[in-house]
Amino acid sequence: MKNLGAAAAASIFVSPASKAAAEARKPLRPNILYIMSDDHCARAIGIYGRRLAKLNPTPNLDKLARNGMVFDNVFCTNSICTPSRATILTGQYSHRNGVYDLYDSLPGEKNYLPREMKKAGYTTAVVGKWHLKESPMFFDYYSVIAGQGRYMNPTMHVSEGGAIRRIRFDSTLVREIAVKDYQGHSSDVLTDISLEWLGKRDKTKPFFLMHHFKAPHDMFVYAKRYENYLKDANIPEPDNLYDQPGADFGSIATRGENDSLVGVIGSTISPQPRKRNLASYYRKKIIELTGKDQLTDREMTHHTYQLYVKEYLRCVKGIDDNLRRIFDYLKENDLMDNTIIVYTSDQGMFLGEHDYIDKRWMYEESIRMPLIIHYPKTIEANSRCDWLINNSDFAPTLLELAGVRRPDYMQGCSFAEALKGAAEPDHWRKGTYYRYWMHMAHGHNNPGHFGIRTKKYKLIFFYGVDYTDIHNKKKVTGRDGNRFWKSTPAAWEFYDLAKDPREMNNRYGDTDYQEIVQSLKAQLKELRKEIEDTDEDNPRIREIINTHWDD
């Protein structure tokens, strides 16, 4: 053996104490706490400064935001619960991950985000609403609501210690799974479960926890302690609540020939004889509150809106109070500075704008997602970001923050540099893609459509066909009386968001915008090709697209 000098020998000998010191000097990988509510729109978060901000609905979330970054241009790619959640977990659009609608399931092996986190050495957990049918995979621990679940006294599908029972997920699925029953409001129960897991977790590893509130999904049930919250408040109304749709809003695709579909398409606040509306749901309560059994449609709309938004905000209040419990735990356990906290929702929500409820549409209130990120080691307090982001970007970003390269199978891109205050790079997307597949479904009656949204403009194509006819899946078409709607008219809509942020005026046929419209069509075609959503396997839809592309 070659004789080494003393200095050389010393250079290759590292004592255990030196190793420990070197490990201590290494930057700790951050914990990641991903918090997501269901249908919590930005207008119901104070920091966004929208219509409901003066009611101060989210003081704890606002405090977190003031010490972190608020994102102003974040959008979902498919505004419905199951597909949005699948996109967040996979970093892929609906047509790639196979979750088009509420009836699809995400196979466990496609739980890509926790899989990559686990491979990177994180201890992983998910608590709360799951809504993806198959059991979670690659989580060290899970306690999730089976299907939509209950607001009160939830039954949780668990990875540890449950009893096997037959559970209904939705109208298409009943499974035998391990469950535990809990008492209390779901927002409180879910927070209890997450806090318990945080206390018992493997503390030798960084954690990745996905905490998913059920609230404020309709129909709203709030904890009893909130029954007087906002009781005497007058909730500000959107100025396009009444007399909708206006003459310039929508198209033949959403209004029909001579407005023949106005009474059919979309679900509303106001009383409607032929379609889903909240006035019917609240009618008995309104009569009790007003002492009148005869009210005008406008009066019914006003009272319905007030009840609807108050119940919604009471659920939001329950979320915000439980956020304080989570943040207090992190502070008390010296975890706040080394934990990336993300708060978002799976999509937006209509609160009476255009007289609409629910989501699904490509209109702003539906597709805009709140996003707040807190991480004092990287993010400057009280900062904002205007990058154009969609929910396919969430997984790549969280992985980069965990020190993991974006897998090639993910279609989204990391915006981690935005957290450092970087300007939006030249190569970043100029338009974000959207597609809603559930044509005329669930009584909400929204036609199938896709489109592109840039920072200034929006172009939507309503192709009006049920894709399940093609894929031979369970029919989910809507119904007007005894008539099933197999298709609706195809048409384009274009909105200048800089001049018309409320999307009141469809300017598709306006000669002043034809150059912009043609440019957006070219971008849309290229984007569909780039993400491989070309309808090559949907000849009926492709034919409609080709027929109407140059209308």
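The values are calculated or read from the model by the stated rules, or taken from the named source; none is laboratory data. Just so it is clear, the model here is predicted, and its values are computed rather than measured. Every residue, glycine among them, receives a Cβ derived from its backbone with ideal geometry; neighbour counts consider all protein chains shown.
Please count how many residues of region 284-318 are in a helix (DSSP H, G or I), surrounded by fewer than 17 Cβ atoms within 10 Å (Cβ to Cβ) and of a type in the set (Lys, Arg).
Selection size over region 284-318: 3.
Against the condition among the aliphatic types (A, V, I, L, M) and over 25 Å from Tyr343 (Cα atoms), how does Ile193 come out, does it pass?
no
Does region 362-375 include one or more residues that are small (Gly, Ala, Ser) and more than 30 Å from Asp239 (Cβ to Cβ)?
Looking for residues that are small (Gly, Ala, Ser) and more than 30 Å from Asp239 (Cβ to Cβ), one finds none in region 362-375, hence no.
What tally of residues in region 80-131 results from selecting those that are farther than 21 Å from Pro216 by Cα and among the β-branched types (Val, Ile, Thr)?
4
Could you say whether any residue in region 531-542 is farther than 19 Å from Tyr436 by Cβ and either modelled with pLDDT under 95 or part of a helix (DSSP H, G or I) (or both)?
yes
Mind listing whichever residues of region 499-526 are among the aliphatic types (A, V, I, L, M) and more than 30 Å from Gln244 (Cβ to Cβ)?
Ala522
Just one of (1) closer than 29 Å to Gly250 by Cβ; (2) under 22 Å from the mean Cα position of the chain (by Cα) trips up Ile373, so point out which.
The number of the failed condition is (1).
Taking region 355-380 on its own, how many of its residues are out of contact with any strand residue (DSSP E or B) (no Cβ under 7 Å at 6 or more places or on another chain) and surrounded by fewer than 23 Cβ atoms within 10 Å (Cβ to Cβ)?
5
Restricted to region 44-90, and to residues that are basic (Lys, Arg) and in a loop (DSSP other than H, G, I, E, B), which residue is farthest from the chain's Cα centre (by Cα)?
Out of the qualifying residues, it is Arg51.
Scan region 157-204 for residues that are of a type in the set (A, V, I, L, M) and touching a residue at least 24 places away in the same chain (Cβ under 8 Å) and jot them down.
Once the filter is applied, which keeps residues that are of a type in the set (A, V, I, L, M) and touching a residue at least 24 places away in the same chain (Cβ under 8 Å), region 157-204 yields Leu173, Ile177, Val179, Val189, Leu190, Ile193, Leu195, Leu198.
Is at least one residue of region 124-135 of a type in the set (Gly, Ala, Ser) and over 20 Å from Asp38 (Cα atoms)?
no
For every residue, the table says whether it meets (1) touching a Leu at 6+ places or on another chain (Cβ under 6 Å); (2) hydrophobic (A, V, I, L, M, F, W, C); (3) surrounded by 13 or more Cβ atoms within 10 Å (Cβ to Cβ); (4) farther than 17 Å from Asn445 by Cα.
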site	(1), (2), (3), (4)
Thr204	no, no, no, yes
Met210	no, yes, yes, yes
Phe220	no, yes, yes, yes
Tyr229	no, no, yes, yes
Ile235	no, yes, yes, yes
Pro238	no, no, yes, yes
Gln244	no, no, yes, no
Ile252	no, yes, yes, no
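Would you confirm, using the coordinates I've provided, whether Leu102 is of a type in the set (A, V, I, L, M, F, W, C) and either surrounded by fewer than 21 Cβ atoms within 10 Å (Cβ to Cβ) or modelled with pLDDT under 95 (or both)?
yes
What are the pairs, 6+ residues apart or on separate chains, where a residue within region 519-537 that is among the polar types (S, T, N, Q) has its Cβ under 9 Å from a residue that is part of a loop (DSSP other than H, G, I, E, B)?
From residues that are among the polar types (S, T, N, Q), the pairs are Gln523/Lys430; Gln523/Gly431; Gln523/Thr454.
May I ask you to list the residues in region 336-355 that are under 18 Å from the mean Cα position of the chain (by Cα) and not acidic (Asp, Glu)?
Scanning region 336-355 gives Ile341, Val342, Tyr343, Thr344, Ser345, Gln347, Gly348, Met349, Phe350, Leu351.
If we scan region 259-271, do we find a residue that is touching a residue at least 60 places away in the same chain (Cβ under 8 Å) and surrounded by fewer than 20 Cβ atoms within 10 Å (Cβ to Cβ)?
No, the conditions are met nowhere in region 259-271.
Considering only residues that are part of a helix (DSSP H, G or I) and among the polar types (S, T, N, Q), look in region 381-433 and name the one that is surrounded by the fewest Cβ atoms within 10 Å (Cβ to Cβ).
Thr397
Hey, which of the strands (runs of 3 or more DSSP E) in region 121-230, taking only ones fully inside, have at least 3 residues that are at pLDDT below 95?
Counting at least 3 such residues, we get 163-170, 173-181.
Within region 142-181, track down each residue that is surrounded by 19 or more Cβ atoms within 10 Å (Cβ to Cβ) and touching a helix residue (DSSP H, G or I) at 6+ places or on another chain (Cβ under 8 Å).
Across region 142-181, the qualifying residues are Ser143, Ile145, Gly149, Tyr151, Pro154, Met156.
If the Cβ limit is 9 Å and pairs must be 6+ apart or interchain, which residue in region 416-437 that is on the phi > 0 side of the Ramachandran plot pairs with which residue that is of a type in the set (Asp, Glu) and at pLDDT 95 or above?
Note: pairs meeting the criteria are Gly421/Glu380.
For Val342, state whether it is surrounded by 20 or more Cβ atoms within 10 Å (Cβ to Cβ) and within 25 Å of Asp393 (Cα to Cα).
For Val342, the condition - surrounded by 20 or more Cβ atoms within 10 Å (Cβ to Cβ) and within 25 Å of Asp393 (Cα to Cα) - is met.
How many of the residues in region 91-120 are assigned to a loop (DSSP other than H, G, I, E, B) and polar (S, T, N, Q)?
3
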